[in-house]
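The values are calculated or read from the model by the stated rules, or taken from the named source; none is laboratory data. Here the structure is a predicted model, which means the values were calculated and not measured. All Cβ positions, even for glycine, are placed from backbone atoms using ideal geometry, and neighbour counts span all protein chains on display. These accessible areas exclude ligands, DNA and RNA; they are computed on the full protein's heavy atoms, side chains included. Shrake-Rupley method; radii C 1.70, N 1.55, O 1.52, S 1.80 Å.
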Amino acid sequence: MHSLQRGMPPLARLYTNVILDFDLTLTLQRKHQGRTGAMRLTVNGRNHDVDAAPDTALLYVLRNDLALNGPKYGCGLGECGACAVLIDGVAARACVIPIEGCAGRNVVTLEGLGSREHPDPVQDAFIREQAAQCGYCLNGMIITTKALLTRNPNPSERDVLEALRYNLCRCGAHIEIIRAAMRAAGHALEARD
C-alpha cells in the first residue's frame, strides 16, 4: 500500500491503484502542490490546455473547465462510480485522479462515446433497455460497461455483475442496467420473474 493510501476507504484505495498502475509518481503532486500552469490534456480526441494545479481532480477540470457534464460528482471518494471516465481504455474514477496523471493519456467521457444521432452501442443498449430512473449513475454504468467490453467482448452475466458491482444506483434500476450491459455485449436477456 502506498503511503498516500493509508486511511482511505478500501474502494478509494482500489481506484488510486489505477493511478499507480499508470506509472504516476504521486510525489510529483507534493512537489507541484499549489502551483498552476498550463497542462495539456487529451479529452474525447481533442487537446485542451488547462490552467490548474497539477493535483486538481480530473472531475473538476472536466466539469468546470471543459463543460463536460457526463461524469457526475457522487461521493468524492472514488466509491460510487458516478464520475467514471476511460483513461487509455480503462475505467477510472475522475474524482480521485489528479490531472497531472492524465497528461499524455487519452481521456474519454460519456460525451466522447457517441452522440444523440449516433450513440455508442453501449449507450444504445441502455436506451433500448430503459436502464435509468433518475440517470445520475448512468455515466458510471455506461463507462464501466464500455471498459468491460473493450477487454472482454463476450462477457457472461457474472462478468457483468462483477464489473458493475462497485457502481452504485440509488434508484434500484439494477435489473435494467444488467440487461442493458448484456444487450451491449450481444446477449439480450429474456425477462425474468
Task: Subset tally (residues that are of a type in the set (A, V, I, L, M), in contact with an Asp or Glu (Cβ under 9 Å, 6 or more places away or on another chain) and open to solvent by 30 Å² or more (accessible area, probe 1.4 Å)) for the stretch 128-175 - done: 2
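Every residue, every condition in (1) in contact with a Pro (Cβ under 9 Å, 6 or more places away or on another chain); (2) at pLDDT 95 or above; (3) closer than 23 Å to N44 by Cα, yes or no:
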residue	(1), (2), (3)
C137	no, no, yes
I143	yes, yes, yes
L149	yes, yes, yes
P153	no, no, yes
R158	no, yes, no
C171	no, no, no
H174	no, no, no
H187	yes, no, no
R192	no, no, no
Task: Residue list for the stretch 58-97, restricted to those being in contact with a strand residue (DSSP E or B) (Cβ under 7 Å, 6 or more places away or on another chain) and farther than 24 Å from T150 by Cβ - done: D65
TODO: Only residues in the stretch 158-172 that are without any contact (Cβ under 8 Å) to a residue 24 or more places away in the chain count as the first member; pair them with residues that are buried (at least 20 other Cβ atoms within 10 Å of the Cβ) and not in a helix (DSSP H, G or I), Cβ under 8 angstrom, at least 6 apart or cross-chain, and list the lot.
DONE: A163/P155
Task: Those residues of the stretch 61-119 which are without any contact (Cβ under 8 Å) to a residue 60 or more places away in the chain and not in a loop (DSSP other than H, G, I, E, B), in sequence order - done: V61, L62, R63, N64, D65, V85, A91, L110, L113
Open item on the list: So, in the stretch 134-162, how many residues would count as being under 23 Å from L59 (Cβ atoms) and not in a helix (DSSP H, G or I)?
Closed with: 4
